[in-house]
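> One structure is given below, represented as structure tokens, and several questions about it will come after.
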Amino acid sequence: MWKKLMFFVLTLCVLSAKSQYVDTAQVIYFNDLNQLKQHKSPQWFNDAKLGIFIHWGLYSVPAFAPTKGSIRDIMDKDRRAWFMNNSYAEWYLNTLRIKGSPTYEYHKKNYGLDFDYYKFSETFNKELAGWKPEEMAEIFKNTGARYVVLTSKHHDGYPLWPSRVHNNNMTEAAQPVSRDIVGELTKAVRDKGMKMGLYYSGGLDWTFNRTPVLGIRGLKISTPHSLEYANVADAHLRELIEKYQPSVLWGDIYYPDQGNISGIVADYYNLIPEGVINNRWGASGLSDFSTPEYNKFESIQEDKWESCRGLGYSFGYNQFEDDSHTLSSTELIHLLIDVVSKNGNLLINVGPKPDGTIPAIQLDRLKELGEWMKVNGEGVYDTKPWQVCSGETVSGKEYRFTQKGDKLYLIMFEKPEKEEVFKNLVLKTGTELSLLGNHFTPKWKQNETNLKIDFPGDISGKHAYVIEFSALPGCVIE
């Protein structure tokens, strides 16, 4: 009770201190599901478009998962095969507990079946000594990300901050994290002008329930249902919110039935007026945005959403992933454009090594994305969907639309030819065109249904090409 009272007092103090910056009519939230469900994603999140997800923990030490395909590839063929052949390295402990799985065999061969997973904390803490959070944050900034989300605690139950909350179920082999990863990265990210968010696994904690997940239905069975776990999860979340004040609170799987997630979310919204939560908090139905994983919507969505996935098949670091398992730079950029055109953000994941370095393949993709965004970000950041999200030229080249104010952006997935004809697009008289990153002015002609654009110069750039229209088209002929 004392902690809840202090948290409420702290909330009021923060709101008072911020009163000169926020609307004095700021809504005060209560533990009321109907009221909480009226909360909407803030403008900064709607405008951000690109975030970096970080899966980092003890699983980064063995850094193993089968590379038989992405979650969608495997489940489309046989849903029952996924957990046995889980390509998520961060699920190492669960897959290890499935006798005969590739991870079980890998662990037996390289460490022995008597080796406690939590003993990886020794290596993790040793490697962590050389981590430079400022350098990591600089990489994300140069990528063009506007926010970062770190796994504060994944399903293995190992926290990446010096928590005051004691977990009686953690094995003796687990050494507490030697550095405040959450705190140090939060400061570094904010120092670079980005928002910081925190992931927390509420639905699964394998220190409380050691029953391995064998199928989708098993997720609920493997969720700890004890009051003890609910109290730990509640205390963890309150600690993270009070200490680090994350701009994004990103839950996963479910949340314990006996937990007080609605009360926590109410306090969170009050403490952080521009805070935002995802849709994975269980039966409460609380959500500011949805989170398709290794998936995306095929049409414009009225409500905000965020597509999350790894650059490869795994979120956590998998030392056996190579180029053939990883999105190309072009695929990554096209994914971002497609998601943004439909009212989404892209939360693209990196899986650092135990020492905090990002694998070279992933670093290459981030660098290419950042270089493209420096030239073409005008057509991505702060935009909203237009009346349609996509189209194609007469020759079959795909493109996507975004809109910012009175400007329209047409983003081509292939390099334009000297002359391109765009179907069913009618411009207003006097509309001016530019091709971002190029110094010539495209010329255009209009007939009743199609738009012809001539590109008079040598076109520079790669991956995708952004045409800016100074005025919104008068109509699109469907």
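> Would you please give the FRET efficiency between residue 68 and residue 429, computed as 1/(1 + (r/R0)^6) with r the Cβ-Cβ distance and R0 = 45 Å, to the nearest 0.05?
Details: r = 56 Å, r/R0 = 1.25.
It comes to 0.20.
> With point charges of +1 on the Cβ of Lys and Arg and -1 on the Cβ of Asp and Glu, referenced to the Cα centre of the chain, which listed residue (327, 345, 225) lies farthest in the positive direction of the dipole?
The residue sitting farthest along the positive end of the dipole is 225.
> Now a separate question. Quick one: how many lysine pairs in region 231-358 have C-alpha atoms under 27 angstrom apart, if they're 8 or more apart or on different chains?
Pairs that pass both the separation and distance tests number 4.
> Mind listing the phi-derived Karplus ³J(HN,Hα) values for region 372-388, rounded to whole Hz, using 6.51, -1.76 and 1.60 with θ = phi - 60°, and x for any glycine or proline?
Rounded to whole hertz, the list is 5, 5, 4, 8, 10, x, 4, x, 10, 4, 6, 8, 9, x, 8, 5, 10.
> Taking a temperature of 37 °C and a viscosity of 0.692 mPa s, what whole-number D in µm²/s does Stokes-Einstein yield for the chain with Rh from Kirkwood over alpha carbon pairs? Don't skip to the end; give the middle numbers.
Details: Rh = 23.9 Å.
Answer, rounded: 138 µm²/s.
> If you don't mind, there's one more thing I want to ask. What ³J(HN,Hα) values, in whole Hz, does the Karplus curve 6.51 cos²θ - 1.76 cosθ + 1.60 give for region 450-463 when θ = phi - 60°, with x put for Gly and Pro?
After applying 6.51 cos²θ - 1.76 cosθ + 1.60, I find 10, 10, 9, 10, 9, 9, x, x, 6, 8, 9, x, 7, 6 Hz.
> Now for a separate question. Sort 216, 277, 358 by Cβ crowding within 10 Å, fewest neighbours at the top.
Values: 216 12, 277 24, 358 21.
Arranged by neighbour count, lowest to highest, 216, 277, 358 become 216, 358, 277.
> Ok, one more. According to a simple spin-label model (label point 7 Å from Cα along Cα-to-Cβ), what is the distance in nm between residue 471 and residue 165?
That separation, rounded to one decimal, is 5.7 nm.
> Here's something else I'd like to know. Compare the Cα positions of 145, 316, 444 along the charge dipole of the chain (+1 at Cβ of Lys, Arg; -1 at Cβ of Asp, Glu; about the Cα centre) and return the one farthest towards the positive end.
Value: 316.
> On to the next question. What do you get for the angle between helix 181-191 and the principal long axis of the chain? Use alpha-carbon atoms, 0 to 90 degrees, nearest ten.
Orientation of helix 181-191: about 30 degrees from the principal axis.
> Where in region 422-463 does the label zone of residue 387 land, with the point 7 angstrom along Cα→C-beta and an amide N cut-off under 13 Å?
It comes to 424-428, nothing else.
> If you place +1 on the Cβ of every Lys and Arg, -1 on the Cβ of every Asp and Glu, and leave all else neutral, what size is the dipole of region 30-378 about its Cα centre, to the nearest 20 Debye?
360 debye
> Straight-line reach from residue 443: which lysines have a Cα under 22 Å away, not including same-chain ones fewer than 8 places off?
397, 404, 407, 415, 418, 423, 428, 452, 462
> Could you state the number of Å between the C-alpha centres of region 258-331 and region 163-179?
27 Å
> Across region 38-49, in residue order, what do the Karplus-derived ³J(HN,Hα) couplings come to in whole Hz, using 6.51 cos²θ - 1.76 cosθ + 1.60 with θ = phi - 60° and x for Gly and Pro?
7, 5, 10, 5, x, 4, 4, 6, 4, 8, 5, 6
> I would also like to ask the following. Amide H neighbours of residue 345 under 5 Å, at least 5 residues apart or on other chains, H built in the peptide plane: list them.
305, 306, 307
Read the figures in this text as sums done on the coordinates, not as results from a lab. Just so it is clear, the structure is predicted and the values come from calculations on it, not from any experiment. Glycine also receives a Cβ, built like all others from the backbone with ideal geometry; neighbour counts cover every protein chain displayed.
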